[in-house]
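Trainee: Got a structure for you, written out below as structure tokens; questions coming shortly.
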Amino acid sequence: MATPATLNKARRRQFQSLFDRVTVATVVIDPVTLDANERVDVDVTGMTGVALGDFVLVAPGVDMTEVDFAAHVSAAGTVTISLGSTDANDVNLASSTWNLIVLRLRADLKANG
């Protein structure tokens with residue numbers, strides 16, 4: 001589990017016409033050593049206001065050679081970052097600060113149906 005996120009106020013910046021809400025956060029992640037070809041999830045809790053269906057952008061603070069990653073909102077207030085080793089050897093990522101941006105598409109732009 002990651003340390004609680006430091007949240008800034010929800011703001012509007014670029015893409016104002018597309019998104020109703022922009023949440024910016026930083027979080028320190030110190031993942032476990034990934035065994036060869038292993039995948040682990042790191043939950044970032046305390047993300048007030050984020051919801052299923054929001055877009056998530058993440059930027060790791062460490063070299064991710066031999067590791068793939070993806071992020072999504074897994075529950076209200078929680079972003080899950082999935083880390084996967086793509087190497088035949090164990091991978092030990094250093095603790096680092098990650099930047100997260102969560103975007104909520106305007107309701108009138110969502111596909112109907």
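Since every read-out is calculated from the coordinates, none of them should be taken as a lab result. What you see is a predicted model, and the numbers here were worked out from it, not measured in a lab. Reconstructed Cβ throughout: ideal geometry from the backbone, glycine too, with neighbour counts over all protein chains shown.
Trainee: Tell me, what is the FRET efficiency for T97 and S17 to the nearest 0.05, using R0 = 22 angstrom and their Cβ-Cβ distance as r? Let's see the in-between values first.
Mentor: Details: r = 30 Å, r/R0 = 1.39.
That pair, T97 with S17, gives E of 0.10.
Trainee: Right, here's the next one. Can you list the HN-Hα couplings for the range 60-66, worked out from phi with the Karplus curve (6.51, -1.76, 1.60; θ = phi - 60°), rounded to whole Hz and with x for Gly and Pro?
Mentor: Values per residue, Gly and Pro as x: x, x, 8, 4, 9, 4, 6 Hz.
Trainee: With a Förster radius of 41 Å, plug the Cβ-Cβ distance of L109 and E66 into 1/(1 + (r/R0)^6) and report the FRET value to the nearest 0.05. Don't jump to the answer; show the numbers that get you there.
Mentor: Working: r = 37 Å, r/R0 = 0.91.
Given R0 = 41 Å and the Cβ-Cβ separation, E is 0.65.
Trainee: Which peptide among 42-51, 16-25, 62-71 comes first, and what is the full order, when sorted by highest mean count of other Cβ atoms within 10 Å?
Mentor: Working: 42-51: 17.8, 16-25: 15.9, 62-71: 14.0.
So the order, starting with the most tightly packed, is 42-51, 16-25, 62-71.
Trainee: Quick check: pseudo-label points 7 Å beyond the Cα along Cα→Cβ at N89 and A36, how many nm apart are they?
Mentor: 1.1
Trainee: Let me ask something else. Apply the Karplus parameterisation 6.51 cos²θ - 1.76 cosθ + 1.60, with θ equal to phi minus 60°, to every residue of the range 23-37 and state each ³J(HN,Hα) to the nearest whole Hz, in sequence, with x for glycine and proline.
Mentor: With coefficients 6.51, -1.76 and 1.60, one gets 10, 10, 8, 10, 8, 8, 10, 10, x, 5, 5, 8, 5, 3, 6 Hz.
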